[in-house]
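The values are calculated or read from the model by the stated rules, or taken from the named source; none is laboratory data. Treat the numbers as computed from the prediction; the structure is a model and nothing was measured. We place every Cβ from the backbone using ideal geometry, glycine too, and count neighbours over all the protein chains shown. Heavy atoms of the whole protein, side chains included, go into the accessibility calculation; ligands, DNA and RNA do not. Shrake-Rupley method; radii C 1.70, N 1.55, O 1.52, S 1.80 Å.
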Amino acid sequence: MSRSYRHGSNQAATVVAVVADVMAVILGLWILFALLDANRANDLVTVVHDAASWLASWSHDLFTMDTDWLRTVLNYGLPAVVYLFIGHTIAGRLRRG
């Protein structure tokens, strides 16, 4: 394969991995804000909450335990792990391909 073709696939793999990382960071930041009882009137907290809610929309109420902190960790942590796993798996395949 030509060098430019392989370089392009490495760039694509890097983009995929970075996007997965950013998604996981947003979800992790919301977990941190929720556990520390951050001020929800703050603009940063609101933006992070909205983004995390959208990213984790498929897992809302997947776990419905009585403990709020555990429910938050599981319902937002699972999507973070899934996004990291899928994103880095795709990036690895792009690098090998």
Among what's in segment 41-62 and is at pLDDT 95 or above and charged (D, E, K, R), pick the residue that is surrounded by the fewest Cβ atoms within 10 Å (Cβ to Cβ). 43
Among the listed residues 62, 32, 27, identify the single one that is in a loop (DSSP other than H, G, I, E, B) and within 17 Å of the chain's Cα centre (by Cα). 62
List, please: which pairs have Cβ atoms under 7 Å, are six or more places apart or on different chains, and start with a residue in segment 9-29 that is over 14 Å from residue 89 (Cβ atoms) and end with one that is open to solvent by 80 Å² or more (accessible area, probe 1.4 Å)? 9/95; 10/95
Hits in segment 63-97 - residues which are of a type in the set (D, E, K, R) and exposed (fewer than 11 other Cβ atoms within 10 Å of the Cβ): 66, 68, 96
Scanning segment 22-33 for residues that are in contact with a helix residue (DSSP H, G or I) (Cβ under 7 Å, 6 or more places away or on another chain) and open to solvent by 30 Å² or more (accessible area, probe 1.4 Å), which turns out farthest from residue 73 (Cα to Cα)? 23
